1. Within the stretch 394-418, which residues have the backbone N less than 20 Å from the label spot 7 Å out from Glu454 along Cα→beta-carbon, could you tell me?
2. Once each part is reduced to its C-alpha centroid, what is the distance from the stretch 162-215 to the stretch 377-421 in angstrom?
3. What does the extension gain come out to for Lys497 and Glu401, with contour length at 0.36 nm per residue minus their alpha carbon separation?
4. Work out how much length Ile225 to Thr706 would gain on full extension: take 0.36 nm times their residue separation and subtract the Cα-Cα distance, in nm to one decimal.
5. Evaluate the relative contact order of the stretch 396-569 (contact order divided by residue number), counting alpha-carbon pairs under 8 angstrom at least 6 apart; express in whole percent.
6. Along the Cα→Cβ direction, 7 angstrom out, place labels at Phe669 and Ser65. What is the inter-label distance in nm?
7. How would you rank Phe669, Phe511, Phe457, going from fewest to most other Cβ atoms within 10 Å of each one's own Cβ?
8. Decide, for the stretch 396-569, between rounded, prolate and oblate: order the square roots of the alpha carbon gyration tensor eigenvalues as a ≥ b ≥ c, take rounded if a/c falls under 1.5, and otherwise choose prolate if a/b is larger than b/c, else oblate.
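All of the numbers you see were taken from the coordinates with simple rules; none came from a lab. Fair warning: this is a prediction, and the values are worked out from it, not measured in the lab. Neighbour counts are summed over all protein chains in view; Cβ atoms, including those assigned to glycine, are modelled from backbone coordinates with ideal geometry.
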Amino acid sequence: MANYSFEDLLSPLDFEHLIRDLLSKDLGVELTAFAEGKDKGQDCRFSTISDGSIVVQCKRTKSLSEETLKKEKEKVELLNPKEYYFVTSSELSVNKFDEIKQEFSQWITSDKNIYHRSRLNNLLDNYKDIHHKHYKLWLNSSTIFNTLINKHLFERSKALISDIQRDYKYFVKNESFNKATEILNKSRFIIISGDPGIGKTTLAKLLIWEYLQKGFELIEIRKIIEGEQLLSEDSDNCQVYYFDDFLGENFLKFDVIEGRAGDLYSFILRIMNNKNKVLIMTTREYILKQAKEKYEKLNQQEIELYKHTLDLSSYSRKIRTLILYNHLYYSGISIEHIEDLITKKAYKSIINHKNYNPRLIERMTVKLKDVLPTDYSESFIRTLDFPLEIWNKSFESQISEGSRYVLFILLSFGEPVILSELKIAFNHFFNLVAKNNNIDFKPHDYRNYLKELEDSFIKTNITNKDEHYLDFQNPSIKDFLINVIVSDKEILKILIKSAIFYTQFAYILNFLTKKYRKDVEVKVMIAESISRDFDSFLPKTNIYSGTSYKGDLKSIDKLKKIEYFVNECNDDEIHQLFINEFLKIDFKSLHYYHQKWYIEFYNKYKSEIGIECSSLISDIYNKMSWYEDARNLLLLYKVDSKSLTDFIENRKDEIKTKVANIIFKEIEFNDKPDDLILFHDKLKADDSTLNNLLGVEVVKYYGDLTEKIDTLEKENPDENIEIEKVEILNTDDAFNEEDYFNIELFK
């Protein structure tokens, strides 16, 4: 049963819109909401004929004074409506209820003309559609929230759900929500693209929450292989997958370097073929264009068809106004700051500014440590004029030197990090660098550094194991710090020297050395680190959506992580160190996907390795029991076609029988339609190779595959679960920003 305290959850505007919807439903008429300050006493109105109307007065307040009632009566006397309804967000005592009836006796004909907190909550229970529409109420409901995070797999995503719960009050649903909804209902997959800070993640979170209300499990992924491993094609298991900034550094770090750009496309197809799975992805538009030029698989028609691009045109003047209003109202900044924007009418310049950006609006409405109320308008507009200055000023003059190096160390990980591991990196940095270079950095002060950075540069969350971990408040901070480091060779050298976790070392090499990859001094330092520390680097705890686990960092994983840098720097010593580490790997001990990497390495560097391909062929064949093993064997044809052909010729019937048995086993053991569809696609892709090289006629297995897929789909029919559009008042016709920037709306 609903039991909301409306003053705590809704702004005055939100409350008016809720009352408009509730009373329109309850009274069976269509009420119109008016912005406070322009209504002359009528917050909502319905007119049927020229000489009569319904007027609804909303009072969002925890208590009603006698003076307030008398002022409202004066307004009603001027309007003299045919019907009058008094609505208050507060609970009413019997005496107060009678007092309202007496004060407005000329227009209130019965108790039904008075709505108070209990009655409004009862209406929310009766009108579920309106309750759902006003998400700022139920998104803060602990009952709903606890139900969600206790579901299977929601535990790992509670950090993201907590973010949504914390930020919901700033959200404004615009027409982009409906466009994205159309795409998802049609295809089960969407790419939300746009410039940094435009609101891609906000739109994604709104969509995610809609699916959560329909019983979907939330799974946030950071790399393709994780999505492939977690994707469950059980038709009873509804899942929404979220891949934020999928073409950012995570894609480069994990997927492009690992040669998995094609796997992304396959993963998308798996999602699109299952009506109970949804994939929501975000990316920066310019990165998507670059990726499509470079990776053929990303240039498919589906990528463009199921993309929704956010840009400034996505935000009408009204939507921009509401975003600014919400951030000002809920931010907690002083009323004096807000008054400065209103009296100087600076809100007009902000709303219509060419650099208007939701992230900048957010930044300028929180933690205004050094902005006086009288300077607020000027400072806000200057930030829009020169958006990069916002972090530079804070970084250079508002935090200590120790805190700045904490940010550098955090950046060197490239991803969220457990606090205890960050402390290890603190101490290592101090012992190796800080105390010998007169850097004002003391590891025992790390709590003070974190406190200084909290809520401005960094944020703290808790994993499923109750471990605190840190990340940046938003991506623009990370972008700013990268710009600082790539232009400062000394800081780069310090980070290379002090890296103690392999994640740090690989991130620094791949993302922070771009300007210095030909620099002799930098390359010497990197070569020394590889030679000295390759086996002693510490493995970092992986964190995905609040779930932490220790990864097993094998040598081949390490080589994969720095291969991109090794090729880019083109240094003979570093390249030879890379080859030396590769030669230490025991191929037989590797899993099939590590064996695939090994074969790819071998193919690139076989002239320098001195390992006979025949030994790899034998090792793979002897271990071959599933189709992925067979695909690795086929990969060796590109490496040494003669050796593989000779091997096959000597035992062709034996190999043909073994591969046939593997194919039958894959079909027999797999009871998930989408897995079988994917297996069908793999066979089709390998058709000519299997036929020409092994004499395996793949076409004869398609019938068995199709028959089993059809049988399973009939046994477990999918139902397409759709999310609904929302009513968007997105027109700018007869819209005036001044209606929303009355000081009374912020009290």
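1. 395, 398-411, 416-418, by backbone N distance to the label point.
2. 27
3. On the way: separation 96, 0.36 × 96 = 34.56 nm, distance 1.88 nm.
Between Lys497 and Glu401, full extension yields 32.7 nm more.
4. Gain in length upon complete extension: 170.5 nm.
5. Details: 194 pairs, mean separation 42.9, N = 174.
25 percent.
6. Result: 7.7 nm between the two label points.
7. Values: Phe669 9, Phe511 19, Phe457 27.
Result, fewest neighbours first: Phe669, Phe511, Phe457.
8. Working: a/c = 1.57, a/b = 1.17, b/c = 1.34.
Oblate, because a/c is 1.5 or more while a/b does not exceed b/c.
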